[in-house]
Every structure is written in structure tokens, then in C-alpha cells.
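This report refers to the structure that appears directly beneath it.
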């Protein structure tokens, strides 16, 4: 059902792109395409969790086609990264989703930032959403680069072929139909919307929730529940976030399809209540406020780019 709707939406974007031709209204098509591709990425994510088909190989085939062939992101890269995240959410040194990138999610990483990086880190909460406008480009680039790693990668050459074909056809079509300036604007808007939507969908799930120190081994239930946050909003939140609004249940039952997560929520909430385990839910707005506040608090650990380490050492002495 979801795939059928997304196929129609994608076909609509293509038809609109062809019919509009040389028009700045194409930027609306670019924005719509960014939204549709994010929704396709949600389905690829579900396929990676064996939620779409009964067969594991069928899910992998669908996920690889949707991720690499449609969205333009390596499925193998995503699987390796996301599997590590599910095994150890918010655990320092084990969860790749809290490793430092442009943003620091852990105080000890923020404290090591220097120069321009430190300047960004100190205000990273306020800069979070503007930086997400570049996340689409970052996701494409990192996933492609990962396919050239020396380690064994399943489906490496198949994905490289699909990514190359997808990029070649997509970029060629845009520059054949649109003038150069408008073509670059189209790509910029599409990538910006895609990055913003993807980042804004995944950020509320764990950011600002408790971190698990290195070496600690909490039990499975507490590890998954205490580090995850659900987003309130019912059916509309489920559509908007592709089921990621039920993050607690998704982490407890990663192969559970999207339609069943809301039912599981009632059982999980009651079980957590009886076990005395905090179960966290927040509205969309409240969750983003928490994320921004948390990132700013972490950012305070960043070094002042104008500090002199030698002077500070003598001050403390």
C-alpha cells in the first residue's frame, strides 16, 4: 500500500518535472521530490528490518533497490551502521549515531573540538536545523565512499552500479531539461529538503536521552527503553515519521511492521509502568526543543577557538 502510494507520488513528480519545463516552479517539484525520497528511505529502512516481506532475501533485494537505486544511498553502508546502533543505542564508543561528525553528541567529543569546529560546536543546538540542509549531500557522499572500503561488503559492485546509474540518469535529465542555473537550484532544493527531513525524523528518537557510559551493560529492556523517545501525534505522526515516532517499540521489536507499533505501545507502556522503568514520550515541538537544548549543553564543552592552552595552564597553576 505504502509503496504503491509512493510510486504514484514519484511518478507525479516526474510528470510535473517534464510538463513544467523551464520554470522556477520546478523548485516546488524539487521540494516534493525531497519529501517523497525521504518516505522511500523509510520503506528501505523497514525492509532492512524484515518488515516488508516474509522472506529475508526479498527484503534485502527491495531495500537495496529502494536505497541505492531510488534514494541514492548505499544499503550495505546503512545496514552496517544501523545494526550497530540498534545493538547499543546511545552507548559511548559503540553507537555510530553519536559519533562526532559536524555535530558533537557527547561532551568528551565537544571538548576536543578546535578552531572552526569548536566555534560551530558551541552554538550547535541553534545551528542544528540549518546544518541539516547539508545532510542530504553528506549522506550520499559518505555512503558512496564507504563502498570503497577494503573490508568485505555484500553487494558492493551491484550497489556501485545502481548508484552510478541513478546519479547519471538523474543529473543528466535535470541538466537536459533545465538551464544550468535552475538545474543547480533544483538539485540544491531537493538535497536540502531531503537532508532536513531525514535528519529531523531521526534526531528526536535518541538525542537528549541518557547516554550509556563505556563498559556498562544494562539489560536489553532498559537499554532500549531508557535511550529512546516516542513522538506523540497518532496516525499523522506515524505517516510523517514513517513509524519512527514509535521508537521505543521499534527498538524492542525491530522486525515489527509499522501498523502494529501503536498497538504494542499500550502493552509496553503498561509493562514499563509496572517495572518502574521511565517511558518517554513528547510532542513534536517539545522533542525538538529538547534536542536543541541538549546539543547546546554539549556544545558548552567545546574549547574557545581563541583560548591559548599554555595561558590556561598557567592560570590554573
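In the set 127, 160, 116, 169, which member is without any contact (Cβ under 8 Å) to a residue 40 or more places away in the chain and exposed (fewer than 13 other Cβ atoms within 10 Å of the Cβ)?
The unique qualifying residue is 169.
Out of all the residues in the range 273-292, which are under 17 Å from residue 206 (Cβ atoms), out of contact with any strand residue (DSSP E or B) (no Cβ under 8 Å at 6 or more places or on another chain) and either at pLDDT below 95 or part of a helix (DSSP H, G or I) (or both)?
286, 288, 289, 291, 292
Based on this model, can you work out whether residue 204 counts as modelled with pLDDT under 95, over 25 Å from residue 237 (Cβ atoms) and either surrounded by 13 or more Cβ atoms within 10 Å (Cβ to Cβ) or in contact with a strand residue (DSSP E or B) (Cβ under 8 Å, 6 or more places away or on another chain) (or both)?
When the stated conditions are applied, residue 204 does not pass them.
Looking at the range 86-113, which of the residues that are touching a helix residue (DSSP H, G or I) at 6+ places or on another chain (Cβ under 7 Å) and buried (at least 20 other Cβ atoms within 10 Å of the Cβ) is farthest from residue 218 (Cα to Cα)?
113
Here are 30, 41, 47: which of them is closer than 15 Å to residue 154 by Cβ and buried (at least 21 other Cβ atoms within 10 Å of the Cβ)?
None of the others qualify; the one that does is 47.
Report yes if residue 205 is free of Cβ contacts under 8 Å to residues at least 60 places away in the same chain and over 30 Å from residue 28 (Cβ atoms), otherwise no.
Taking the combined requirement at face value, the residue does not satisfy it.
Of everything in the range 254-285, what is within 25 Å of residue 47 (Cα to Cα) and either in contact (Cβ under 8 Å) with a residue 40 or more places away in the chain or in contact with a helix residue (DSSP H, G or I) (Cβ under 6 Å, 6 or more places away or on another chain) (or both)? Give them in sequence order.
254, 255, 256, 257, 258, 261, 264, 265, 268, listed by residue number.
Find all pairs meeting these conditions: Cβ atoms under 7 angstrom apart; at least six residues apart or on different chains; first residue within the range 76-95 and touching a residue at least 24 places away in the same chain (Cβ under 8 Å); second residue part of a strand (DSSP E or B) and crowded, with 19+ Cβ neighbours inside 10 Å.
Hits for this filter: 90/212; 91/212; 92/212.
Yes or no, residue by residue, for (1) under 30 Å from residue 69 (Cα atoms); (2) surrounded by 20 or more Cβ atoms within 10 Å (Cβ to Cβ):
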| residue | (1), (2) |
| --- | --- |
| 176 | yes, no |
| 184 | yes, no |
| 191 | yes, yes |
| 194 | yes, yes |
| 215 | no, no |
| 222 | no, no |
| 225 | no, yes |
| 232 | no, no |
| 236 | yes, no |
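Sort through 195, 188 and tell me the only one that's outside any loop (DSSP other than H, G, I, E, B), within 16 Å of the chain's Cα centre (by Cα) and at pLDDT 95 or above.
195
Quick one: which helices (runs of 4 or more DSSP H) sit completely within the range 1-101 and have at least 3 residues that are on the phi > 0 side of the Ramachandran plot and under 16 Å from the mean Cα position of the chain (by Cα)?
Those helices (runs of 4 or more DSSP H) do not exist here; none qualify.
The values are calculated or read from the model by the stated rules, or taken from the named source; none is laboratory data. Just so it is clear, the structure is predicted and the values come from calculations on it, not from any experiment. All Cβ positions, glycine included, derive from the backbone under ideal geometry; neighbour counts span all protein chains shown.
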